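The values are calculated or read from the model by the stated rules, or taken from the named source; none is laboratory data. Keep in mind the model is a prediction, meaning the values are calculated, not measured. For neighbour counting, all protein chains shown are included, and Cβ atoms are generated from backbone atoms with ideal geometry for every residue, glycine included. Protein only, heavy atoms only, side chains kept; ligands, DNA and RNA dropped before computing areas. Shrake-Rupley method; radii C 1.70, N 1.55, O 1.52, S 1.80 Å.
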Protein chains: 2
Amino acid sequence: MTTLDQSGNLAIGFIMGVTYRKIATLLQKRLKEHDITPEQWSVLHQIDRSEGMIQREIASRTGKDKPTTTRILDHLESKGLVYKQTGLQDRRSFLVYSTERGKELIRETLPIEEGVTEEVKRCLSSEEYALLTEFLLRINEHVTQIIDTNEKE
Amino acid sequence: MTTLDQSGNLAIGFIMGVTYRKIATLLQKRLKEHDITPEQWSVLHQIDRSEGMIQREIASRTGKDKPTTTRILDHLESKGLVYKQTGLQDRRSFLVYSTERGKELIRETLPIEEGVTEEVKRCLSSEEYALLTEFLLRINEHVTQIIDTNEKE
DNA sequence: TTTATATAGTTGTCTATGCAACTATTATTC
DNA sequence: GAATAATAGTTGCATAGACAACTATATAAA
């Protein structure tokens, strides 16, 4: 059980981290018998919906950096869920596709992921859920901009 | 830059994870010259505010599990920021205290952490911020309960 | 009291992540 | 056209985290 801070002066990043890990853990437990982690699942899901992306695009859509994407794809590949094809126009890059097994896994597990999201949402009204999503996306944009600005200096 | 999903059908855990990592990365960059990570910082901060806790209590307040807490304390200890004292009543446990250097580091870096939180909050009104915090805590409670219930079955 | 159980921490293994340094290929620019 | 810079990915290293198995101590039950 998490008691968390007590002081009422919780930094937003801190609560968000704790809450995120809780949700990820719940999803991980539910996905356990399918032998796939939540992060691998989100990457595979993206690929399933947009076959033939290059890794940079996958990284961008899933919010991961290049090394993390490389390694998650390695895991998915060794499980036989995706495969890479050398780019024709640009030989630096690879096009990534999901295998039949990968597609089947997504078909089987999509209800699990959706179920977890539903369960989580159950403690919020639909207005509250919409607000929460909006706030998170806004913060994401905002912090991305801060980091980018800092780097240019 | 993060483009994220596109479909408008983003799972809440997914956006929360991406956003959390963004904030953590920003804080990490700001703390870099002080040679401490955001997670180590949050543990040290808790200790600084409540000297003499046992590890279980620290784990509970920072939302971390036992092994993670052990290892973060190891890092803090090897940096000379905290020390452990064997429990007197209960010899299984340790009481954890921050050193002078640990206290000084928190004095120096507290404005950094607060500054990052302020920067992040800048894209939300104070009402929105209060709502966001409330939603996150509510979800945290809710998911904790789901996991606990599942485990008892 | 002796056996069983619960609790506090630690250690090992694996995944995910951030950062920096690296290779290979493509684009620029001189 | 050759030198330079930018881009796509990979690899190494370190921290954080989830989970399971473990040690040691304390509590409960028999």
- [ ] Check whether at least one residue in the stretch A:111-118 is surrounded by fewer than 17 Cβ atoms within 10 Å (Cβ to Cβ), assigned to a loop (DSSP other than H, G, I, E, B) and at pLDDT 95 or above, and report yes or no.
- [x] no
Open item on the list: Can you go through B:GLU57, B:GLU39 and tell me which one is modelled with pLDDT of 95 or more, within 10 Å of DNA strand C (Cβ to nearest atom) and within 11 Å of chain A (Cβ to nearest Cβ)?
Closed with: B:GLU57
Task: Every residue from the stretch B:69-87 that is among the charged types (D, E, K, R) and in contact with a strand residue (DSSP E or B) (Cβ under 9 Å, 6 or more places away or on another chain) - done: B:GLU77, B:LYS84
- [ ] For the stretch A:68-84, name all the residues that are near DNA strand C (Cβ under 8 Å from one of its atoms) and either away from chain B (no Cβ under 14 Å) or open to solvent by less than 40 Å² (accessible area, probe 1.4 Å) (or both).
- [x] A:THR69, A:ARG71, A:ILE72, A:HIS75
Task: Set A:GLY102, A:GLY87: member being more than 14 Å from chain B (Cβ to nearest Cβ), touching a residue at least 24 places away in the same chain (Cβ under 8 Å) and out of contact with any helix residue (DSSP H, G or I) (no Cβ under 9 Å at 6 or more places or on another chain) - done: A:GLY87
TODO: Taking the options B:ARG92, B:ARG101, name whichever one is open to solvent by 60 Å² or more (accessible area, probe 1.4 Å), in contact with a Leu (Cβ under 7 Å, 6 or more places away or on another chain) and of a type outside the set (Val, Ile, Thr).
DONE: B:ARG101
- [ ] Go through the stretch A:88-121 and count every residue that is touching a strand residue (DSSP E or B) at 6+ places or on another chain (Cβ under 6 Å), within 12 Å of DNA strand D (Cβ to nearest atom) and of a type outside the set (A, V, I, L, M).
- [x] 2
- [ ] Could you tell me whether A:LEU124 is away from DNA strand D (no atom under 13 Å from the Cβ) and in contact with a Gly (Cβ under 9 Å, 6 or more places away or on another chain)?
- [x] no
